[in-house]
1. From D270, D264, D241, grab the single residue that is free of Cβ contacts under 8 Å to residues at least 60 places away in the same chain and among the acidic types (D, E).
2. Starting from residues that are open to solvent by less than 20 Å² (accessible area, probe 1.4 Å) and in a loop (DSSP other than H, G, I, E, B), keep the ones in the stretch 300-332 and report whichever is farthest from R139 (Cα to Cα).
3. Among the residues of the stretch 529-552, write down those that are part of a loop (DSSP other than H, G, I, E, B) and not aliphatic (A, V, I, L, M).
4. If a residue has to be in contact with a Gly (Cβ under 6 Å, 6 or more places away or on another chain) and at positive phi to count, how many in the stretch 146-184 make the cut?
5. Just the residues that are in contact (Cβ under 8 Å) with a residue 12 or more places away in the chain, buried (at least 18 other Cβ atoms within 10 Å of the Cβ) and assigned to a helix (DSSP H, G or I), please, taken from the stretch 577-621.
6. Would you check if L478 is of a type in the set (A, V, I, L, M, F, W, C) and over 21 Å from the mean Cα position of the chain (by Cα)?
7. Here are the criteria: (1) farther than 20 Å from F528 by Cα; (2) open to solvent by 60 Å² or more (accessible area, probe 1.4 Å). Tell me which single one D628 does not satisfy.
8. Any idea how many residues of the stretch 368-405 are more than 20 Å from the chain's Cα centre (by Cα) and surrounded by 12 or more Cβ atoms within 10 Å (Cβ to Cβ)?
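The values are calculated or read from the model by the stated rules, or taken from the named source; none is laboratory data. As the structure is a prediction and not an experimental result, all values here were calculated from the model. FYI the Cβ positions are ideal-geometry reconstructions off the backbone, even for glycines, and counts take in every protein chain you see. Remember, those area values only see protein heavy atoms, side chains included, never the ligands or the DNA or RNA. Shrake-Rupley method; radii C 1.70, N 1.55, O 1.52, S 1.80 Å.
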Amino acid sequence: MAKEKKVEVFQTKPQEDTMKRVENLVFTPNSAGPPTNSEQVQTSSLSQTGHTVSIGRKSAISEKGKSVTFQVDSSDCSSNKDEDSFSSASLKVQSLRGRVSIKKLVRVKFLDSDVTQKLASGQITIEDLLASLSEFVSRPRSIAGVYVEKSKQKMSFMEAVRQGLIAKTYAAEFLEAQAVTGCVIDPTTGAAYPLPDALEKGLVEEELRGKLCEAEKAVSGYVHGGKVLSVFQALEERLLDRHRAKRMLEVQLATGGLVHPAIDMRVPLDFALEHGLLNKATHQSLYDSVSNPKGFHNPGTGQTAYYCELLSTCVYDVDAGVYLLPVGERPPSSASPGCAVRLSVINAATGAAMSPYEAFQGLQIDKNTYLFLSKQESEWQEATDVDPKGSTLHILTDLRSGRQLRIESALSEKILDSSELSSYRSGVLSVHELADLLISRKVVFKVTHCPIAGVWDVALKRRLSVLKAHQQNLVDRLTALRLLEAQACTGGICDPATGERLLIGEARQKGLLDHNFARQLQQFEQAFLGITHPKTGKSLAVAQAMQENLIPREAALRCLEYQLCTGGLINPETQDRVAVEEAVLKSLIDKSTASLMQDEKHHSKTLTCPKTKKKMSFKEAQEKGVFDSHTGFMLIEASKPYSTGTTAPFQYIYTYRHI
């Protein structure tokens, strides 16, 4: 019987030469992913958590130590170093639930065919090999339990059922998802167990045994026709219900990768597609609500969701190293315009909450966990643009929240130095790290005298310009026009992505206005810059121009209303704000018009609330506004598309494709 050699691979700070030797050893994941809003959870990155993983069917999987422990069956590989003897050696490495030979990994093309030669020649070591395989056998990123934010308690799903916090049917869904990934996790300790041990420890009730045993086949495989089939292969053979199979596939992809039952390991998405463990059509349909309805329930709302959507709302507990689903009210960790970062990392032992970047900087989590969490809530990309002077700008854009950060501005404001930019350009810093670094250093103050700058999409947690919100039917056209009028006559069109205010020409170039809006706003921009008298050439204030019939009375009164609600009337000679009393003394407005504008009963209710769909005045809209910590602007919330009659579905689909 072969001896078992125990190899400990320390991965806290992998050496550069080791990483170079193993970078082409296995079939590594690429950046390809599923449809929008889900791609961040499809493949697992290399597990360098610095945790102890003792993987075996009868032992718990713990992630709280300092090394990764594997068992290697190597009876004669240490005595003979020539190629032939090494190739024939019975060398095995730990898989998810047992051990698998190197020969088998080569046979299924998971490892390069020359891996044994590289081992024999010393190009790589056993430690290198195990390090390269660690991500495929490490504990899955399954949702381990719930976190009650009010009491700062964490508990298993069955305990949450006993406490009356979630429905038993919901708990069964999440436990089944854990079984689909090969283990049941104890959220209090972070240990993971095979189903029999989980039953003994009370993490699972006996009545769920049969259902979870069936779910475990997603890892062990489905025996059919003398072969062991994966979930997708079983689906193709009609051994599984289509919706059930797709739910299993979605869970495995979301938690680290599809399981290859022949080798008992997770595999990257591109490998799965190439070797028949999944096809593109099925992959693309996993997030199609028609062909694959959402199969999990949010315990707080009862609404259905995909597993990856719920995983993206989880908090990560550094005490046990587990992902927990918050239940109850959750202001601290919810994404909102008023909070620059989501506090999604907790220490259940102390009750502390922090952002992923803060946890990473404080050495509470490793880099891979940080990047995984960061990608759950943001999707940063760099693009280039050209400013009006012809200079190239490098802009980081979060495709989810709508935030933008200019690298040139960060350098000039000294919140980024050239060495950090060089680290980013060389790949040492990822785009997520650079964005989080800038956000952590950026100080934002509330912009005074600011109208409503844009719309906060409550459902998708993103900020939109007024034009984009209108194009997506979150705001009706008249309300959009009124909001843009207020911006134009008080300082410029607002860009909620960057915090800039622009004149109409610049705003149109940036896509903040279309041709029709730009044409209708010309006189409102003049109300800010000053309306020129055609005979005298003097720059007049709005009320003065109204008296001279240079601006329609109705439009002039709206301008005055917008200016008063945002800090005072504007003196066109200086663009300074002036109180009504001072404006009367300076003859910028007559007494009767001033008295009329100070009476809120005369303010017109021509806006429609994007959330309640009720009519409101501009001041009432301001009172509903929410502060945006990214820009200092004020946003108004919108929760659902605005109905525009029979054309609404067409308009919504058409504009959505052009975001």
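1. On the way: D270 fails: free of Cβ contacts under 8 Å to residues at least 60 places away in the same chain; D264 fails: free of Cβ contacts under 8 Å to residues at least 60 places away in the same chain.
Just a single option satisfies the conditions, and that option is D241.
2. Our first condition is that a residue be open to solvent by less than 20 Å² (accessible area, probe 1.4 Å); within the stretch 300-332, this holds for 305-308, 310-311, 314-317, 320-327.
Remaining after also requiring in a loop (DSSP other than H, G, I, E, B): 306, 314, 320-321.
Values: Y306: 21, C314: 17, A320: 13, G321: 10 Å.
Among them, the one singled out is Y306.
3. Here is the first cut: in the stretch 529-552, the ones part of a loop (DSSP other than H, G, I, E, B) are 530, 533-538, 541, 548-552.
If the condition is that a residue be part of a loop (DSSP other than H, G, I, E, B) and not aliphatic (A, V, I, L, M), then G530, H533, P534, K535, T536, G537, K538, E548, N549, P552 are the ones that fit.
4. Of the residues in that region, 1 qualify.
5. V580, A583, T593, A594, M597, F618, A621, listed by residue number.
6. On the way: of a type in the set (A, V, I, L, M, F, W, C): yes; over 21 Å from the mean Cα position of the chain (by Cα): yes.
Judged against the criteria, L478 is a match.
7. Among (1) farther than 20 Å from F528 by Cα; (2) open to solvent by 60 Å² or more (accessible area, probe 1.4 Å), the lone unmet condition for D628 is (2).
8. Pass one, the stretch 368-405, residues more than 20 Å from the chain's Cα centre (by Cα): 384-394.
Next, from what is left, pick out any that are surrounded by 12 or more Cβ atoms within 10 Å (Cβ to Cβ): 385, 393-394.
Qualifying residue count for the region: 3.
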